[in-house]
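So the structure is just underneath, and the comments pick up after that.
The values are calculated or read from the model by the stated rules, or taken from the named source; none is laboratory data. Just so you know, these numbers come straight off a predicted model, no measurement behind them. In this analysis, Cβ positions are derived from the backbone assuming ideal geometry, glycine residues included, and neighbour counts consider all displayed protein chains. What goes into the accessible areas is simple: the full protein's heavy atoms, side chains included, and nothing from ligands, DNA or RNA. Shrake-Rupley method; radii C 1.70, N 1.55, O 1.52, S 1.80 Å.
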Amino acid sequence: MIDIDRAFAPAAKYVAEGRIPGATLGVVTADGRRAVKLIGHAALEPEPEALTEDHWFDLASVSKVVATTTMILKLADEGRIDLDRPLTDAIPDLRQYDVANAAERKLTFRDCLSHRTFFPAVEPVYTYGDDPQRLRAFVLQREWKHGAPVYSDINFILLGIAIERLTGQPLSAWPLGPGLSYGPPPGPAVATERCPWRQRVLKGEVHDENASAMGGETGHAGLFGTVAGVLDFARALLDGSGASEAMLWAIRTPFYEHRTCGWERRFAGWSGGQACSPETIGHTGFTGTGLWIDFERGLAWTLLTNRVHPTRHFDSGIFVLRPETGDAVIQAFDEARK
């Protein structure tokens, strides 16, 4: 199916050079063939621990597409929301003290999914307290400074709150399938950062500070996954078993620049490399994770690393490694088909 050693060569080099403690590459096709290669450590601190296929990674912002986007699109499929209606259909108390003028009240589900809003990229919400419900109220009632549209965690924090309101349950109640879970994961976990705020090495608890302070499961982060769990999810999109035609159209069609509902499509300089087809979508996570799906080839790959371990303040080279890996995967796959 693919020369996995060739595809994995860039990641193996980065681990050998000590830039990343450990890396796992998984590849899957629409007909279910798969290959996995890994190297290095799940943890260096406080004790060295070898990486295995059973280890759970903190998926960080890959949570946005694997969990939150999927949930929102399924609710739309069921007719419970209209993607082009305002978020206030699910969150009527959004900016409830400024009903007449609040721009937030006019934002739609699709606006948030495609990051077509004025919210800042990130806000240290965790510095305002540690009561999950109070922090949700803070996000809903804050008068956010307006700016040009950027990729923003706030968009997906709001979508997560909308899901909670619509279902009456936490995000973890949604059936995700084996190998995907909101933390703490039910198996060995990969270590992330030695966190200055929490004053410990994080292992099996969410890395993202805002997600942690808001209870560990939010729309923008909090999902953990094994390589098998991520590949199962990707394959279900490739073969159509995990999404309706309407959902597949939504995640593959650009709505704002290169952004679809939740995902990115291939563009110049993106994380998935340039060898993939124009019909490729992908998403990355801050902890060093990523998932890319090439619908034209019927191929998906996930690169899972712990590049923030033991600290984010180090040049791991992840922003170069990701496209190098994508190009190596496609080249190995195309070579195997000749």
Inset, instruction - Evaluate the distance, in nm, between pseudo-label points positioned 7 Å from the Cα of residue 311 and of residue 116 along their respective Cα→Cβ axes. - result: 4.2 nm
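Grab the DSSP H runs of the chain that are 4 residues or longer, score each as -39,500 (n - 2.57), total them, divide by all residues and round the 222 nm result to the nearest 500 deg cm²/dmol. Let's see the in-between values first.
Working: 9 runs with 96 residues, N = 338.
Here the helix-only value at 222 nm equals -8500 deg cm²/dmol.
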Legend entry - Under 19 Å from the Cα of residue 37 - aspartates and glutamates, other chains or at least 8 residues apart: 3, 5, 17, 49, 53, 54, 58, 232, 324, 327, 334, 335
Legend entry - Charge dipole of the stretch 132-176 about the Cα centre (unit charges at C-beta), most positive-ward option of 159, 171, 132: 132
Inset, instruction - Please give the peptides 251-263, 61-73 ranked by average Cβ packing (other Cβ atoms within 10 Å per residue), highest first, as a rough proxy for protection. - result: 61-73, 251-263
Legend entry - Estimated FRET transfer efficiency when R0 is 56 angstrom, pair residue 12-residue 145 (beta carbons, to 0.05): 0.80
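Go through 151, 182 and list them by solvent-accessible area, largest first, probe radius 1.4 Å. All intermediate terms of the calculation are to be shown ahead of the outcome.
Values: 151 70, 182 15 Å².
Result, largest first: 151, 182.
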Legend entry - Nearby aspartates and glutamates by direct alpha-carbon distance to residue 106 (threshold 17 angstrom, same-chain neighbours under 8 apart not counted): 82, 84, 89, 93, 98, 143
Legend entry - Among 43, 102, 250, residue whose mean-square fluctuation peaks in a GNM of the chain (springs only between Cα atoms under 10 Å): 102
Inset, instruction - State the volume of the convex hull built on the alpha-carbon positions of the stretch 140-286, expressed per residue in Å³ and rounded to an integer. - result: 162 Å³
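Kirkwood Rh, Cα Rg: Rg to Rh for the stretch 1-142? Intermediate results must be reported in sequence, preceding the final value.
Numbers: Rg = 21.3 Å, Rh = 19.3 Å.
Looking at the stretch 1-142, the ratio lands at 1.10.
Would you mind getting the Kirkwood hydrodynamic radius of the stretch 49-106 from its Cα pairs, rounded to one decimal in Å? If you can, show how the numbers build up before the last one.
Details: mean 1/r = 0.0695 Å⁻¹.
Every distinct Cα pair counted, the radius reaches 14.4 Å.
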Inset, instruction - In vacuum, with every alpha carbon of the chain counted as one equal point scatterer, what does the Debye formula give for log10 I(q)/I(0) at q = 0.07, 0.10 Å⁻¹? Two decimals, please. - result: -0.27, -0.56
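Over the stretch 46-179, give the accessible area per residue in Å² for a 1.4 Å probe, as an integer.
Numbers: 5990 Å² over 134 residues.
Each residue of the stretch 46-179 exposes 45 Å² on average to a 1.4 Å probe.
Cα-Cα over 27 Å: which of 64/145; 145/203; 13/64; 74/338? Let's see the in-between values first.
Values: 64/145 23 Å; 145/203 34 Å; 13/64 29 Å; 74/338 38 Å.
In this structure, 145/203; 13/64; 74/338 exceed 27 Å between Cα atoms.
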Legend entry - Accessible area of the chain belonging to carbon and sulfur atoms, whole % at 1.4 Å probe: 51 percent
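Net charge near residue 258, counting Lys/Arg +1 and Asp/Glu -1 over other residues with Cβ under 14 Å of its Cβ?
On the way: positive: 116, 252, 259, 265, 266; negative: 257, 264, 279.
My count for the surroundings of residue 258 gives +2.
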Inset, instruction - Identify which of 230, 99, 15 has the largest mean-square fluctuation in a Gaussian network model of the chain, with springs joining Cα atoms closer than 10 Å. - result: 99
Inset, instruction - Sketch the reach of a paramagnetic label on residue 3 as a point 7 Å from Cα along Cα-to-Cβ, and name the residues of the stretch 302-338 whose backbone nitrogen lies under 18 Å away. - result: 324-338
